[in-house]
1. May I ask you to list the residues in segment 50-91 that are in a helix (DSSP H, G or I), among the charged types (D, E, K, R) and over 14 Å from the mean Cα position of the chain (by Cα)?
2. Within segment 104-126, can you find the residues that are farther than 19 Å from GLU44 by Cα, within 15 Å of the chain's Cα centre (by Cα) and touching a residue at least 40 places away in the same chain (Cβ under 8 Å)?
3. Going by what's in this entry, would LEU118 be described as modelled with pLDDT of 95 or more, in contact with a strand residue (DSSP E or B) (Cβ under 9 Å, 6 or more places away or on another chain) and surrounded by 13 or more Cβ atoms within 10 Å (Cβ to Cβ)?
4. Does SER65 satisfy being under 23 Å from ILE122 (Cβ atoms), buried (at least 17 other Cβ atoms within 10 Å of the Cβ) and of a type in the set (Gly, Ala, Ser)?
5. Taking segment 95-115 only, how many residues are in contact with a helix residue (DSSP H, G or I) (Cβ under 7 Å, 6 or more places away or on another chain), closer than 14 Å to LYS6 by Cα and surrounded by 20 or more Cβ atoms within 10 Å (Cβ to Cβ)?
6. Just to be sure before I move on: is ARG79 of a type outside the set (Ser, Thr, Tyr), closer than 20 Å to GLU117 by Cβ and modelled with pLDDT under 95 in the structure I sent?
7. Does segment 69-84 contain at least one residue that is loosely packed, with under 11 Cβ neighbours inside 10 Å and among the aliphatic types (A, V, I, L, M)?
Amino acid sequence: MGPVVKYLLDSVILIDHFNGIQAATQFIGDHASESALSVITRAEVLVGFDADTAPLALSLLDLISTLPFTRDEVDLTARLRRSHRWRLPDAIQAAIAYHNKLTLVTRNTKDYQPGGELEVLIPYVL
């Protein structure tokens with residue numbers, strides 16, 4: 001039996017890693033085996049790479065499980081977006097983390113705050 005998935009990595013954590021932010025790289029290195037990505041994170045990260053550099057991103061992204069976006073999560077996304085006025089990608093992230101009982105790992109303190117019904121971990125600040 002493999003490691004239990006505990007974390008959903010927000011796009012900003014991976015983007016920081018690719019931008020050379022050591023704290024992001026350290027978190028990913030320490031927790032990749034117990035982390036997952038949402039489909040929105042995968043898409044948001046890949047947008048920053050062209051055809052020549054995409055293999056670099058894919059080599060990391062393919063090591064981390066990517067969770068699908070289910071109908072229940074879609075419905076929860078709509079409720080969260082209405083109640084929190086989050087942008088759609090942020091509501092998707094929250095819904096996938098909440099539905100899968102994962103801690104959302106982010107540094108987006110504007111939209112997510114530790115201590116609410118959604119488990120949030122802010123592993124570093126810039």
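1. Restricting attention to segment 50-91, the residues satisfying the condition of being in a helix (DSSP H, G or I) are 54-61, 71-84, 88-91.
Checking which are among the charged types (D, E, K, R) leaves us with 71-73, 75, 79, 81-82, 90.
If the condition is that a residue be in a helix (DSSP H, G or I), among the charged types (D, E, K, R) and over 14 Å from the mean Cα position of the chain (by Cα), then ARG71, ASP72, GLU73, ASP75, ARG79, ARG81, ARG82 are the ones that fit.
2. LEU121, PRO123, TYR124
3. Values: modelled with pLDDT of 95 or more: no; in contact with a strand residue (DSSP E or B) (Cβ under 9 Å, 6 or more places away or on another chain): yes; surrounded by 13 or more Cβ atoms within 10 Å (Cβ to Cβ): yes.
It is false that LEU118 is modelled with pLDDT of 95 or more, in contact with a strand residue (DSSP E or B) (Cβ under 9 Å, 6 or more places away or on another chain) and surrounded by 13 or more Cβ atoms within 10 Å (Cβ to Cβ).
4. On the way: under 23 Å from ILE122 (Cβ atoms): yes; buried (at least 17 other Cβ atoms within 10 Å of the Cβ): no; of a type in the set (Gly, Ala, Ser): yes.
Judged against the criteria, SER65 is not a match.
5. Adding up the residues that qualify gives 4.
6. On the way: of a type outside the set (Ser, Thr, Tyr): yes; closer than 20 Å to GLU117 by Cβ: yes; modelled with pLDDT under 95: no.
No: the conditions fail for ARG79.
7. Of segment 69-84, the ones loosely packed, with under 11 Cβ neighbours inside 10 Å are 71-72, 82-83.
Adding the requirement that they be among the aliphatic types (A, V, I, L, M) leaves none.
Scanning segment 69-84, I find no residue that is loosely packed, with under 11 Cβ neighbours inside 10 Å and among the aliphatic types (A, V, I, L, M), so the answer is no.
Conditions tested, residue by residue: (1) in contact (Cβ under 8 Å) with a residue 40 or more places away in the chain; (2) touching a Lys or Arg at 6+ places or on another chain (Cβ under 8 Å); (3) surrounded by 14 or more Cβ atoms within 10 Å (Cβ to Cβ); (4) part of a loop (DSSP other than H, G, I, E, B).
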| site | (1), (2), (3), (4) |
| --- | --- |
| ALA24 | yes, no, yes, no |
| ASP30 | no, no, no, no |
| LEU37 | no, no, yes, no |
| ILE40 | yes, no, yes, no |
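The values are calculated or read from the model by the stated rules, or taken from the named source; none is laboratory data. Bear in mind that the values here come from a model prediction, so they are computed numbers and not experimental data. Note that each Cβ is placed from the backbone with ideal geometry, even for glycine, and that neighbours are counted across all protein chains shown.
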